[in-house]
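Here's the structure, in structure tokens; my notes come after.
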Amino acid sequence: MPVAWIPSLMQKLTEGQQQIPVEGSTVRQVVEALESLYPGFKDRIVEDDRIRTEIAVAVDGEVVTSGLRARVGAESEVHFLPALAGG
Amino acid sequence: MSAGNGYKVIGTRPVRHDGVDKVTGRAVYGGDTRLSGLLYGQVLRSPHAHARIKSIDISKAQALPGVKAVLTGADLPKTGDTIVDLGEGPARLKYMSDNVLATDKTLYSGHPVAAVCASNVHIAEEALDLIEVEYEVLEAVLNLREAMKEGAPQLHPDMTTQEFGEDTGRTSNLATHFQHKLGDPDTAFASADVVIEREFNTATVHQGYIEPHNATAMWNADGQITIWTSTQGSFAARAQTGAVLDIPVSKIKVVPQEIGGGFGGKIPIYLEPIAAMLSKASGQPVKLIMTRPAVFESTGPTPGSHIKIKMGANKDGKIVAAEAYIAFESGAYPGGLVGAAAMCVFSCYDIANGLIDCYDVVLNKPRSFAYRAPGSTQACFATEHVVELLAAELGIDPLEFRLKNSATTGTRRIDGVVYPKMGCKEVLEAIRDSEHYKSAAPSGPNQGRGISLGYWFNVGLQSACTASVNNDGTVSLSEGSTDIGGSRTSIAMQFAETLSLDVDDVRAQVVDTDSIGHTDVTGGSRVTYATGWAAYKSALDVQAQMCERAAQLWEVEVDQVAFEEGVFSSGDKSYTFKELSGHLDETGGPVIGRATVNPDSGVGGSFAANIADVEVDPDTGKVQVLRFTVIQDAGKAIHPSYVEGQMQGGSAQGIGWALNEEYYYNKDGQLDNSSYLDYRIPTSLDLPMIETIIVEVPNPGHPFGVRGVGEANIAPPPAAMAGAIADAIGVRLQELPMKPSNVLAATQASEGQAALAAGG
């Protein structure tokens with residue numbers, strides 16, 4: 001089962017849980033699963049059916065480019081990070 | 001010339017394809033743009049760091065003979081409260097527009113308030129003096145820690161602190177707050193045998209590119225706009241200009257010119273919408289070139305910072321916990337670079353417990369933008385300082401201490417991400433094995449040696465290439481990555497390697513936005529990686545099409561055609577690539593290979609390290625660099641000379657950041673050192689030949705193992721210089737720049753403390 005890693009500032013939504021195993025084979029399904037467990041989670045991550053522009057999602061250490069549609073493996077880790085710019 | 005490792009082209013050092021044009025002065029830069037009927041623009045900038053614009057009267061300027069148009073912020077389309085990501089990270093569109101031309105307030109001295117175009121530049125300058133702006137001057141705040149205090153002058157009364165997708169509803173200058181946490185740092189610190197905590201401040205610095213910003217625009221009567229500009233991203237410039245002007249990108253063609261340096265500072269737009277609007281108003285093409293003071297006063301410096309680092313280790317030399325508090329200047333508008341600093345601050349080490357707490361703070365300076373590994377240099381300076389102190393306290397050699405705690409493949413960073421295959425330990429081992437490190441450290445009076453280690457994670461993003469095969473077997477390769485560091489040749493080399501061609505038979509060119517698929521900015525150390533990947537894929541596309549042509553000629557099925565080392569064959573028949581290219585007209589016409597990429601896996605980061613030897617003048621505080629070595633993991637060096645050039649360039653800039661560079665504002669919030677006479681970047685007279693050691697830990701996520709090398713090299717120099725200065729004079733500075741006056745002050749303070757301790 002994939003594991004979602006919750007940013008520390010969002011852990012008040014998840015009762016202090018940092019790592020949460022959830023069902024899902026896409027980032028969308030992982031976010032929906034988290035929303036069903038912790039209502040309000042999705043709004044912090046998603047806006048207009050897209051990952052918020054100020055947030056990046058990494059699956060297994062790689063920032064994904066396909067947003068909510070990105071594939072998530074059975075043993076994957078999903079991280080929510082601040083979006084970044086390079087020089 | 002053979003490259004070894006099975007490669008024929010990769011790893012060689014061909015003459016760069018743009019070299020002759022560059023050294024003969026024939027290369028066309030933005031300032032060289034000439035068009036019939038060209039007008040010249042100038043921008044009026046606020047003298048106040050913080051002011052409300054009460055009125056702007058342009059009537060006298062408009063009446064000046066030769067003036068063709070005058071523009072203010074009121075002429076730009078009203079933008080909604082939209083968040084956009086147009087190639088330079090997420091930003092609020094209104095802020096982007098207001099940074100081009102202020103509307104209600106000016107937020108830094110140098111903030112553009114009006115623009116004019118005229119038949120020559122002198123008339124345009126004269127017209128600026130005729131524009132009457134009535135300001136209500138407001139209290140400004142230019143100090144980071146002052147800006148964070150309750151009651152500080154507030155730049156954006158409606159701006160509330162964002163905490164990772166949550167609007168806190170609190171208004172202040174704190175734009176963003178976020179944290180990363182791993183494990184249980186409190187418990188780990190309690191168990192540590194040694195805990196060291198220090199605070200650091202670093203100054204605002206500029207990217208220091210030689211070529212000033214420029215833009216020439218022609219707004220045709222049919223509504224089509226062409227913009228010639230110096231940019232790190234032609235598509236980003238198009239998107240940003242379209243957003244600010246509220247017109248579709250299909251109406252805009254951006255023609256990227258050669259670039260005289262960018263380093264992250266030429267990702268945002270400044271002049272492009274102004275040139276376009278002045279052209280629309282005048283009906284003629286308009287060119288604007290910033291003056292040097294305008295570049296310093298108005299374009300993205302990289303942030304000053306306030307950082308606290310706390311680290312704990314056990315007696316056996318293992319780091320068990322780390323905490324960082326990082327506050328970064330965002331400048332006049334939110335959207336700063338503290339997120340990257342957070343991901344780099346402890347990235348070189350394997351630490352199981354940590355907390356990283358970050359703030360992005362607005363204040364009355366130009367909006368901060370990226371500068372080569374943005375955020376990593378400040379973070380590295382702070383972390384490496386504490387790492388050195390921990391090693392000293394534990395009595396462990398600093399290099400051994402780093403090796404013992406080095407991040408490696410599989411290490412989980414404090415932001416949670418697990419490293420793929422990485423070259424951190426290999427870079428440290430390269431220090432250990434280097435002739436420089438093995439040689440005796442300088443032992444004269446006030447001489448010393450320092451080492452340091454830094455990281456940058458690199459990005460992938462979108463790239464496109466098209467390859468047109470000519471009937472003589474040469475290839476015209478088009479790409480959209482604007483070429484800052486010689487990337488045209490490194491892209492051509494990857495294409496040539498794939499098809500076993502001579503690299504001089506592949507001519508790469510950077511083309512405009514109408515002539516290639518969307519290509520993201522030249523930034524994030526991504527071009528040799530991602531555009532190189534697009535070149536590789538486009539070569540495979542060419543190969544597949546050429547196999548079909550050979551099959552036609554030989555009247556066999558395509559799966560009966562093989563391609564190896566530049567030769568197509570089937571049975572006893574064969575064609576070289578050149579020979580087969582001569583038969584394209586009889587087998588269906590031209591062959592054009594194409595490919596696009598947007599890799600979301602395999603983006604390998606890069607580690608870099610330094611060894612620095614210095615001598616400090618005890619009377620003046622001036623630091624002389626005696627010897628300097630940079631080591632970096634390139635994955636696979638496509639063109640080793642380019643890699644070395646990037647390593648040397650980043651090192652030179654990092655040394656300048658370490659020793660001299662800073663924005664110096666007066667009490668009225670005006671920049672007092674907006675020229676290269678007063679903003680001191682290193683020259684060749686200040687530096688020794690910077691020695692380079694390329695480490696190659698291939699990135700398994702790239703066809704040739706490439707890691708981007710454009711940025712990590714700027715992270716470690718200030719930390720290495722600080723270590724060398726400490727070794728030389730016994731004083732470890734916690735502030736950048738370590739300019740002579742700061743070195744002297746720190747020395748005197750240390751001597752004073754020593755005297756007090758001795759009862760003197």
Exercise for the section: Answer with one residue from B:Met311, B:Leu142, B:Ala379: the one whose Cα lies farthest towards the positive end of the charge dipole of chain B, charges on Cβ with Lys, Arg +1 and Asp, Glu -1. Expected result: B:Leu142
Completion exercise
Taking a label point 7 Å from the Cα of B:Asp672 along Cα-to-Cβ, the residues of region B:275-301 whose backbone nitrogen sits under 18 Å from it are B:293, B:296-297
Completion exercise
Here, trypsin sites (Lys or Arg not before Pro) of region B:285-393 satisfying both criteria (DSSP loop; at most 13 other Cβ within 10 Å) are B:Lys315
Practice task
Taking the Cα centre of region B:199-349 as origin, work out the dipole magnitude from +1 charges on Lys and Arg Cβ and -1 charges on Asp and Glu Cβ, in debye rounded to 20.
Solution key: 140 debye
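What net charge do the residues around B:Ala373 carry, taking every other residue with its C-beta under 15 Å from that of B:Ala373, with Lys and Arg at +1 and Asp and Glu at -1? Don't skip to the end; give the middle numbers.
Details: positive: B:Arg372, B:Arg526, B:Arg707; negative: B:Glu384, B:Asp633, B:Glu711.
Summing Lys and Arg as +1 and Asp and Glu as -1 gives 0.
First select every other residue whose beta carbon is under 14 angstrom from the beta carbon of A:Val59; then total the charges, Lys and Arg +1, Asp and Glu -1. Please report the intermediate quantities before stating the final value.
On the way: positive: A:Arg28, A:Arg69, A:Arg71; negative: A:Asp60, A:Glu62, A:Glu75, A:Glu77, B:Asp600.
Net of charged neighbours comes to -2.
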Problem - For the protein assembly as shown, calculated [θ]222 nm from helices alone, where every DSSP H run of n ≥ 4 adds -39500 (n - 2.57) - result: -8000 deg cm²/dmol
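How would B:Phe328, B:Phe369, B:Phe189 line up from fewest to most surrounding beta-carbon atoms within 10 angstrom?
Details: B:Phe328 31, B:Phe369 28, B:Phe189 19.
Least to most surrounded, the residues fall as B:Phe189, B:Phe369, B:Phe328.
Given R₀ = 22 Å, what would the calculated FRET efficiency be for A:Asp43 paired with B:Thr82, taking r from the Cβ atoms and rounding to 0.05?
Values: r = 18 Å, r/R0 = 0.82.
Working from the Cβ atoms, E equals 0.75.
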Practice task
Among the GluC sites (Glu not before Pro) in region B:514-567, which ones are in a DSSP loop with at most 15 other Cβ atoms within 10 Å of the Cβ? Mind listing them?
Solution key: B:Glu555, B:Glu557, B:Glu565
Exercise for the section: For B:Lys425, list the aspartates and glutamates whose Cα falls under 13 Å from its own Cα; do not include residues on the same chain fewer than 8 positions away. Expected result: B:Asp350, B:Glu400, B:Asp433, B:Asp633, B:Glu696
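Within a Cβ distance under 15 Å of B:Thr33, other residues only, what is the Lys/Arg minus Asp/Glu net charge?
Details: positive: B:Arg26, B:Arg34, B:Lys253, B:Lys287; negative: B:Asp32, B:Glu211, B:Glu258, B:Glu272, B:Asp512.
Here the charged neighbours net out to -1.
Any idea what the dipole of region B:486-570 comes to, in debye rounded to 20, about its Cα centre with Lys/Arg Cβ at +1 and Asp/Glu Cβ at -1? Before the final figure, lay out the partial values.
On the way: 5 positive and 14 negative charges, 81 e Å.
In total the dipole reaches around 380 debye.
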Problem - Least to most buried among B:Thr160, B:Thr466 (fewest other Cβ within 10 Å first) - result: B:Thr160, B:Thr466
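Sorted from fewest to most neighbouring beta carbons within 10 Å, what does the list B:Trp456, B:Trp228, B:Trp554 look like?
Details: B:Trp456 35, B:Trp228 27, B:Trp554 17.
Taking fewest neighbouring Cβ atoms as first place, the list is B:Trp554, B:Trp228, B:Trp456.
With charges set only on the Cβ (+1 for Lys and Arg, -1 for Asp and Glu), what does the dipole of the protein assembly as shown come to about its Cα centre, in debye to the nearest 20? Let's see the in-between values first.
Working: 67 positive and 103 negative charges, 160 e Å.
Here the protein assembly as shown has a charge dipole of around 760 debye.
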Exercise for the section: Would you mind computing, in nm to one decimal, how far apart the modelled labels at B:Leu394 and B:Arg292 are, each placed 7 Å from Cα along Cα→Cβ? Expected result: 4.8 nm
Problem - Where labels lie 7 Å past Cα in the beta-carbon direction, separation of B:Leu756 and B:Lys622 in nm - result: 3.2 nm
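Any read-out appearing in this document is the output of simple, stated calculations on the displayed coordinates, not a laboratory observation. These figures come from a predicted structure and were not determined experimentally. Positions of Cβ are backbone-derived with ideal geometry, glycine not excepted, and every protein chain shown enters the neighbour counts.
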